[in-house]
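What follows is calculated from the coordinates using simple rules that are stated; it is not laboratory data. Since this is a predicted model, take the numbers as computed values, not measurements. Note that each Cβ is placed from the backbone with ideal geometry, even for glycine, and that neighbours are counted across all protein chains shown.
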Amino acid sequence: MRPTRDEAWELLCRYTETDALRRHALQVEAAMRHFATLFAEDPEAWGLVGLCHDLDYERFPEQHCVMTKRILTEEGWEKADIRAIMAHGWGMVTDVEPQTNREKALYTVDELTGIINAACLLRPSRSVHDLTLKSLRKKFKDTRFAAGCNRDVITRGAQMLGMELDTVMAETIAGLQARAEICGLQGNL
């Protein structure tokens, strides 16, 4: 079964208490919804896996993805949704290689939204609305900036999607701009 968005949010909040991780979940959800439209897929289904992809991270960091699989299986989630979430940890905490466009997009935008969030927080506006691709590219090249975000994963993910890195960056920015208020990137514009 696929939960409603409200049910998925309630589940996320049950396991994730920090505002930063909840904001990250909302940002990945926004990006995933946007990428779903690019691939003519269901934004709701893509958004749900984005929203709950780090469900276990706060409580079970040493068992990241493993506990999410267990929790979502117990909750009755669809196997394809669980697999998509498992695939975002490929090569880091799982051996589930992304196969579908949804899995590849989640693998890619999870790390990329972290860099975008950090870039926005340093802007005077604190907003994604005035973040340019040129500015993001500069931050991406500086490996000391948002050092915890794996640029190799982003680059590999873009290749897996068959998209130029600049296109993936621009589309992720667009997805976050569309839901900036919801995902905490509205800033003061």
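Residues with beta-carbon under 9 Å from that of R2, excluding R2: net charge, scoring Lys, Arg +1 and Asp, Glu -1? Intermediate results must be reported in sequence, preceding the final value.
Numbers: positive: none; negative: E44, E78, D81.
Local net charge: -3.
Distance between the modelled labels on T37 and S135, one decimal in nanometres: 2.2 nm (7 Å Cα→Cβ projection). Of the residues A8, A25, G157, the one whose Cα sits farthest toward the positive end of the charge dipole of region 5-178, with +1 on the Cβ of Lys and Arg and -1 on the Cβ of Asp and Glu, is G157.
Rank the residues T18, T113 as a footprinting-exposure proxy: fewest other Cβ atoms within 10 Å of their Cβ go first. Present the calculation step by step, with values, prior to reporting the outcome.
Numbers: T18 10, T113 30.
Arranged by neighbour count, lowest to highest, T18, T113 become T18, T113.
For H24, H53, which order do you get if you count the other beta carbons within 10 Å of each Cβ and list the fewest first?
Values: H24 22, H53 28.
So the residues, fewest neighbours to most, are H24, H53.
In this simple spin-label approximation, T73 and R5 carry label points 7 Å from Cα along the Cα→Cβ vector, and these lie 3.0 nm apart.
Reducing region 74-110 and region 112-172 to their Cα centroids gives an inter-centroid distance of 21 Å. Of the trypsin sites (Lys or Arg not before Pro) found in region 137-187, those in coil by DSSP whose Cβ has at most 13 other Cβ atoms within 10 Å are R144. When the C-alpha to C-alpha distance is required to be over 32 Å, the pairs from K104/K138; K79/K134; K69/K141; K69/K138 that qualify are K79/K134; K69/K141; K69/K138. The residues neighbouring R126, those whose beta-carbon lies less than 13 Å from its own, together hold a net charge of 0 under the Lys/Arg +1, Asp/Glu -1 convention. Each of I85, I182 was scored by other Cβ atoms within 10 Å of its Cβ. Arranged with the fewest first, they read I182, I85. Among (1) 107; (2) 127; (3) 143, which one is volume of the Cα convex hull per residue in Å³ computed from these coordinates? Given (1) 107; (2) 127; (3) 143, the calculated one carries the label (1).
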